[in-house]
1. Could you put 257, 308, 385 in order of accessible surface area, largest first, with the 1.4 Å probe and the full protein assembly present?
2. So if R0 is 45 Å, what FRET efficiency would residue 297 and residue 58 give, r being the distance between their Cβ atoms, rounded to the nearest 0.05?
3. Along the positive direction of the dipole of the chain (beta-carbon charges: Lys, Arg +1; Asp, Glu -1; about the Cα centre), which of 243, 352, 81 reaches farthest?
4. Keeping the other protein chains in place, figure out the carbon and sulfur percent of the accessible area of the chain, with a 1.4 Å probe.
5. Rounded to whole Å and ordered largest first, report the semi-axes of the equivalent ellipsoid of region 190-253 derived from its Cα gyration tensor (root of 5λ).
6. Would you rank 311, 168 by solvent-accessible area, highest first, keeping every protein chain in place and using a 1.4 Å probe?
7. Based on the inverse mean of 1/r over its pairs of different Cα atoms, what is the Kirkwood hydrodynamic radius of region 274-371, in Å?
8. Taking the solvent-accessible surface of protein heavy atoms with a 1.4 Å probe, what is the per residue accessible area of region 352-419 in Å²?
Amino acid sequence: MSDAPVRTSLASRLAGAALLGAYRGFGLAVTPLLPILFARRAARGKEDPSRRGERFGRTAKARPPGRLAWLHAASVGEMNAARPLMQALRAKDFTVLLTTGTVTSARIAGGESDPGVIHQFVPYDTPSNFARFLRHWRPDLAITLESEVWPAMIAALAARRIPLVVASASMSERTARGWSRMLPLARAVFSRIPLCLAQTAADAARLHHLGVPRVEICGNLKFDGTTLPVDEDALAVLRARIADRPVWLAASTHDGEELLAARVHQALAADFPGLLTIVVPRHPERGDAIAASLAARGLTLSRRSHGELPSPDGDIYLGDTIGEMGLFHRVAPVAFIGKSLVPEGGQNPLEAARLETAILTGPHVFNLQDIYRPLIAAQGAEVVEDADALARALARLLADPELTRARAATAASVVAAGSGALAASLDALAPLLAALPEKRK
């Protein structure tokens, strides 16, 4: 879009530098309190106590020889979107240091078969944590996904002259307004990002206004993601157990949505004998609490985490495991995508669309408008306002397999039409990659 730097006055630059210095100073001041934060998060299952050091920039793993690209993805969705980019970097003889911030994403990354991909938890954003992290790993290049912008991290990379790229970069109008209220700080931070590969023209304009010197419009990498994998033996067993029962999936649910799914099941059970509702929570560690709440409603359930299959007359199959979403999407013709009937911003529907699943979503998808907008416009996804509307939409689809197949095919075609971000991103990255040293010890 532009290679021109944003013009700022000397006073604004000085104010920005002072604010960034204050942010870094605050980070140093609160560093002694971070072990308390870690302990509290670990008690809630949000941290892995066995890997505590990584959150503070420490690790027992050695840096491998050769060129190393650090790629940071916030959680599972961003990590999956980044896989084709990781593969492209591996093909160019980079080791990839993949960092994420959630326990679930770490567990999935732990199954990575490529020894050239190393997973670590991302450090807390303080100068001392990132100093240790960068001193040990010495990346030749840093890439973050979407909206992962952390001032201490960016300042540390810039001080060491390590180029930073934000891939599949997004900047919502709401977030941009927040940054604009402290524009000197924003420009002190964003001017230190050499390149942003924006999802849309609107994202690009906002990023450039905030100070990014070079912005290219490359699209959303999530549209270029791969189809979710599946264990074919497990799929055959589950399909045989479900047989011809009517079935739907509540995928990536958040707190409160499991009970809404239970209400929907109870509303539809009389009209659809043998109805099976599969509930897959976004955070599987909530499995015990979810099971207890569903049982309290008088529903019978089986749990995937206990090695169980759906019982022949059971109501709910609780998919409280990690890395099996590809299995559940393949056995359900209709999926409600969670984090959307609660005001949390939505969950990525593209994995369902690639597997030709009819998609239903709640109205709260403000974090994923650029994905949902084309899906909804093409009638590849339907918005339901509440549990009653979800029950009505499900009843229509379960009663009309032809409509269900048409919706699913439309969703898949929208995803195919949106692809191309990976190729555009690699083209934009090519000059930067070519300028890096060939080998690094």
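1. Greatest to least solvent exposure: 385, 308, 257.
2. Efficiency for this residue pair is about 0.50.
3. 81
4. Numbers: 10320 of 18720 Å².
The C+S portion of the solvent-accessible surface of the chain is 55 percent.
5. 45, 13, 9
6. 311, 168
7. 14.3
8. Per residue, region 352-419 has an accessible area of 44 Å².
The values are calculated or read from the model by the stated rules, or taken from the named source; none is laboratory data. Bear in mind the structure is a predicted one, so any value in this text is a computation, not a measurement. In this analysis, Cβ positions are derived from the backbone assuming ideal geometry, glycine residues included, and neighbour counts consider all displayed protein chains. Keep in mind that these areas ignore ligands, DNA and RNA; they rest on the heavy atoms of the full protein, side chains included. Shrake-Rupley method; radii C 1.70, N 1.55, O 1.52, S 1.80 Å.
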